[in-house]
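Reviewing the structure listed below.
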Amino acid sequence: MSAKSFQLKEELLRWCPHVVSAEAAPSRPTLAEAEAYCRQLATSHYENFPLIARLLPRELRQPFFNVYAYCRWSDDLGDELGDPKLSTQLLGWWRGELARCWASEEMTHPVFVALQRTAKEFDLSREPFDDLLTAFEQDQRVTSYNTFDELLGYCRNSANPVGRIVLRLCRCDDERSVALSDLVCTGLQLANFWQDVARDADIGRTYLPLEDCERFGYSREDLANRVTNEAFVELMQFEVERARTLLLAVRELAPRLRGRLQVVIELFGEGGLKICDRVASIGYRVWEQRPVVTKWDAAGLLLKCLGRAIGRKVAA
């Protein structure tokens, strides 16, 4: 275990009653302390969050930090403990804390102290927060997917809830916007999968649908041995283009939001499209090289999204 992973595991377990006594558990933070905790977590764990925060209207910055902190903790409880049994146990505890938070009980964890206020302010539904935990619990027992439909079912819980929460914060959660957001979030999740094929294999998971592998003649032995051959390249090209098609929905979704929120939402979708471009640029050889979106790429995407938002405003 790396020093970073060890520190993260210590942080996760520090708050969990299953592994610490009541006397050793941290005391309940004030709202200001809880919000500072979420803000620090968001800006230190996701390198583009400072940029996103500056683009957000001031009144939405802290709510975004609070939601991100919840998602980060949920994800880390599922992925960073190295023990599926312990992860399942602690995700169950986290789900219980979520229920208590929505029941307006007094919370002690900083994420829930901060999130409770945001949930009340924006009248957030508990369902998407619960759905995320369902996906992370599924990761503890499911390591591969036979069909693309099965994978889409996973994305409905692992990715789409985030978009629905964000749209609610932006007060733009009408039926059409939610439908478009689901397409974009699923596309972004798929793009991340194809970027991280090797990393996921390192932790015993594959998200390449086995039916697609069979369709392109990529055997399970090839998959297990991380073979790059013509079949794999054709398989990856197919998967990447499928993700790209979903991500293009962001170009209809973004104009439905107001002001700078158009830029924020479009950046997420365009970031996914850039991942697709980067996978293609290395010849789909993701076993040998992880494609990355550079800071220069991010700057170019920002300028592109700003230009489109300005163009839409002028046209209006």
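The values are calculated or read from the model by the stated rules, or taken from the named source; none is laboratory data. Please read these numbers as outputs of a predicted model, since none were measured by experiment. Virtual Cβ from ideal backbone geometry, glycine too; neighbours counted across all protein chains shown.
Okay, residues lined up against (1) farther than 20 Å from residue 68 by Cα; (2) surrounded by fewer than 16 Cβ atoms within 10 Å (Cβ to Cβ):
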{"site": "146", "(1), (2)": "yes, yes"}
{"site": "166", "(1), (2)": "no, no"}
{"site": "181", "(1), (2)": "no, no"}
{"site": "186", "(1), (2)": "no, no"}
{"site": "195", "(1), (2)": "yes, no"}
{"site": "210", "(1), (2)": "yes, no"}
{"site": "225", "(1), (2)": "yes, yes"}
Among residues belonging to the stretch 220-229 that are touching a residue at least 12 places away in the same chain (Cβ under 8 Å) and not in a helix (DSSP H, G or I), point out the one that is nearest to residue 138 (Cα to Cα).
-> 226
Got a sec? Which helices (runs of 4 or more DSSP H) wholly within the stretch 124-177 have at least 3 residues that are among the small types (Gly, Ala, Ser) and on the phi > 0 side of the Ramachandran plot?
-> none
What number goes with the only condition from (1) over 14 Å from the mean Cα position of the chain (by Cα); (2) surrounded by fewer than 19 Cβ atoms within 10 Å (Cβ to Cβ); (3) closer than 18 Å to residue 169 by Cα that residue 39 does not pass?
-> (2)
Among the residues of the stretch 68-86, is there at least one that is over 18 Å from residue 166 (Cβ atoms), in a loop (DSSP other than H, G, I, E, B), in contact with a helix residue (DSSP H, G or I) (Cβ under 8 Å, 6 or more places away or on another chain) and of a type in the set (A, V, I, L, M, F, W, C)?
-> yes
If you check residue 87 against the conditions, is it under 19 Å from residue 158 (Cα atoms) and buried (at least 17 other Cβ atoms within 10 Å of the Cβ)?
-> yes
Could you figure out which of (1) modelled with pLDDT of 85 or more; (2) part of a helix (DSSP H, G or I) isn't true of residue 29?
-> (2)
Just one listed residue, out of 217, 259, is surrounded by fewer than 20 Cβ atoms within 10 Å (Cβ to Cβ), on the phi > 0 side of the Ramachandran plot and at pLDDT 95 or above, and it is 217
Which of (1) at pLDDT below 95; (2) crowded, with 16+ Cβ neighbours inside 10 Å; (3) part of a helix (DSSP H, G or I) does residue 62 not meet, given it meets every other one?
-> (1)
When you scan the stretch 178-211, how many residues do you find that are in contact (Cβ under 8 Å) with a residue 12 or more places away in the chain, assigned to a helix (DSSP H, G or I) and closer than 19 Å to residue 273 by Cα?
-> 17
Checked pairs for the stretch 140-158, first of a type in the set (S, T, N, Q), second not in a helix (DSSP H, G or I), C-beta under 8 Å and 6 or more apart or across chains, list as 143/204; 143/205; 143/206; 144/205; 144/206; 144/207; 146/209; 147/209
